[in-house]
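Heads up: the structure comes next, in structure tokens.
The values are calculated or read from the model by the stated rules, or taken from the named source; none is laboratory data. Every value quoted in this text rests on a predicted model; they were computed, and no experiment measured them. All Cβ positions, glycine included, derive from the backbone under ideal geometry; neighbour counts span all protein chains shown. The area values use the complete protein model at the heavy-atom level, side chains included, leaving out ligands, DNA and RNA. Shrake-Rupley method; radii C 1.70, N 1.55, O 1.52, S 1.80 Å.
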Amino acid sequence: MKEVVDSPKTMRILQCLNWQLDSVAEVAPIIREQGFQAVQVGPLQPLKEDGYEHWWMSYQPCALTIGNQYGSRDDFIRLCDILHNEGLLVFPDVVCTHVAGAVDGTLSPHEKVDHKLTENPKFWREAKFIDNWDDRFQVIHYCAGLPTFDLSNTELQDYVICFLNDLISCGADGFRFDSAKSIPTPSEGCNFFPRVLSNLNSNHLFNYGEVIFADESLISMYTDYLDVLTNTWSECKDNVVLFSESHDSFLGLGYTRDKSSREVTLDYAHVVDNFPKTIYYARPFDDEWKSSAIKEIHQKSLVKK
């Protein structure tokens, strides 16, 4: 049976990866004035190393708890209060698919990873690398370069539920699920999304999962349970969050790195014209998100609405 996703009709999100939570708080009024409705902050989980030098370190967590160099649990509570006072929602990026890898590059968890996770062998996938992202079996059973959880395990799901509920108690209004594409759906034998999402302590969350480079059939498998964050020009317009640039496309894979900030903004305008839910990545050391062009894009979309 198809799950009904209670999803807002529109959502304009500003992605603030690798920002100090206090820095996000300082510009909350500007974020609102620019026409954004929500802020996505980077993962708040403990990391194996300082993430300032290497952005990807934010995606090598060591626990399902709150607090790293970008902010503490109390910092997150303060940020939520400030954003809510501005009428903005806040969505933390959560990494519940994998943990930090060992220093030798094997698929073993780093020594800093929470022992309550590492001590249970039933929590983990087989230690094999994905070598073909078009092979769905590999994507949902093997590891994407880091030690990866078997999220069909209900005890492990309970740890994730506790973590997410703690974020909700701090003020989170929903979540961006990193690497959601690698989490099997119920049709693939895993009840992670329906069980976890139905056990969260709020009925008014906006949840979206990262499912990039995906076809329509794969996207539709996830939109039964949450919205899909994607770069695919999908027909499922009401249930996707579309981006013209992400941290991966700029910092990682680099295929948007040669574009100027203004070119990306023009691309974003086209996305906003066609999709009710979008996300704009604030590039490091770049204030394009504050530009009059971004504000005008959002204002025009309200008029069309």
Response to the item:
So the FRET efficiency between F137 and R73, C-beta based with R0 = 25 Å and rounded to 0.05, is 0.05
Item to complete: Would you tally the net charge around K122, using a Cβ to Cβ cut-off of less than 15 Å, leaving K122 out, and scoring K and R as +1, D and E as -1?
Response: -3
Discussion item. Quick check: the distance between the Cα centres of region 13-76 and region 173-202, to the nearest angstrom?
Written reply: 22 Å
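Can you give the % of DSSP beta bridges in region 101-238 that are antiparallel, to the nearest 5? Write out the running numbers ahead of the final one.
On the way: 2 of 10 bridges.
Percent antiparallel among DSSP bridges in region 101-238 is about 20.
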Worksheet item: For the chain, with every protein chain kept in place, what is the accessible area per residue (1.4 Å probe, Å²)?
Response: 45 Å²
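Counting other Cβ atoms within 10 Å of each Cβ, which trypsin sites (Lys or Arg not before Pro) in region 99-200 have at most 15 and sit in a DSSP loop? Present the calculation step by step, with values, prior to reporting the outcome.
Details: sites: K112, K116, K122, R125, K128, R136, R176, K181, R195; in loops: K112, R125, K128.
Within region 99-200, the qualifying trypsin sites (Lys or Arg not before Pro) (loop, at most 15 other Cβ atoms within 10 Å) are K128.
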Worksheet item: All other residues with a Cβ under 12 Å from the Cβ of K48 taken together, and with Lys, Arg as +1 and Asp, Glu as -1, what is their net charge?
Response: -3
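Local charge sum around R283 (other residues, Cβ-Cβ under 11 Å, Lys/Arg +1, Asp/Glu -1)? Could the numbers behind the result be given before it?
On the way: positive: R257, K259; negative: E245, D286, D287, E288.
Computed value for this residue: -2.
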Practice prompt. Please identify which residues in region 170-186 have an amide N closer than 16 Å to a label point set 7 Å out from the Cα of N199, following the Cα→Cβ vector.
Written response: 186
Worksheet entry | Simple label model, 7 Å out from Cα along Cβ direction - Q299 to N274, nm | 2.5 nm
Response to the item:
Each label sits 7 Å from Cα toward the beta-carbon; between V103 and T10 the label points are separated, in nm, by 5.2 nm
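Which semi-axis lengths, in whole Å and largest first, follow from the square roots of five times the eigenvalues of the Cα gyration tensor of region 148-253? Please list the in-between numbers first.
Values: eigenvalues 103, 53, 39 Å².
That gives 23, 16, 14 Å for the three semi-axes.
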Worksheet, complete the sentence: At 37 °C and 0.692 mPa s, the Stokes-Einstein diffusion coefficient in µm²/s for the chain, with hydrodynamic radius from the Kirkwood sum on alpha carbon pairs, is 167 µm²/s
Fill in: Cα-projected label distance for C162 with E53, points at 7 Å along beta-carbon direction, nm
3.4 nm
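Over the Cα atoms of region 153-214, what is the Rg over Rh ratio if Rh follows Kirkwood? If you can, show how the numbers build up before the last one.
Numbers: Rg = 11.8 Å, Rh = 12.3 Å.
For region 153-214, the value is 0.96.
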Discussion item. Tell me the carbon and sulfur percent of the accessible area for region 205-293, rounded to whole percent, probe radius 1.4 Å.
Written reply: 51 percent
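Can you tell me the dipole magnitude for the chain around its Cα centre, using point charges on the Cβ only (Lys, Arg +1; Asp, Glu -1), in Debye to the nearest 20? List each step's numbers first, then the result.
Values: 27 positive and 45 negative charges, 127 e Å.
Dipole of the chain, to the nearest 20 debye: 620 debye.
Just the Kirkwood number for region 129-174, please: inverse of mean 1/r across all distinct Cα pairs, in Å, one decimal.
Working: mean 1/r = 0.0796 Å⁻¹.
Result for region 129-174 stands at 12.6 Å.
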Worksheet item: If you roll a 1.4 Å probe over region 1-140 with all protein chains in place, what percent of the accessible area is carbon or sulfur?
Response: 50 percent
Response to the item:
A student asked for the Cα radius of gyration and Dmax of region 1-92 in angstrom ought to give 14.5, 46
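Taking 23 Å as the cut-off for C-alpha to C-alpha distance, list the pairs among K122/K181; K48/K277; K237/K259; K181/K300 that go past it. Display every interim value, and only then the final one.
Numbers: K122/K181 21 Å; K48/K277 33 Å; K237/K259 26 Å; K181/K300 33 Å.
Beyond 23 Å: K48/K277; K237/K259; K181/K300.
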Practice prompt. Can you spot the aspartates and glutamates whose alpha carbon is less than 14 Å from K116's alpha carbon? Ignore those fewer than 8 places along the same chain.
Written response: E155, D158
Worksheet item: Once the dipole of region 186-252 is set up with Lys and Arg at +1 and Asp and Glu at -1 on Cβ about the Cα centre, which of S249, V196, S234 lies farthest towards its positive end?
Response: V196
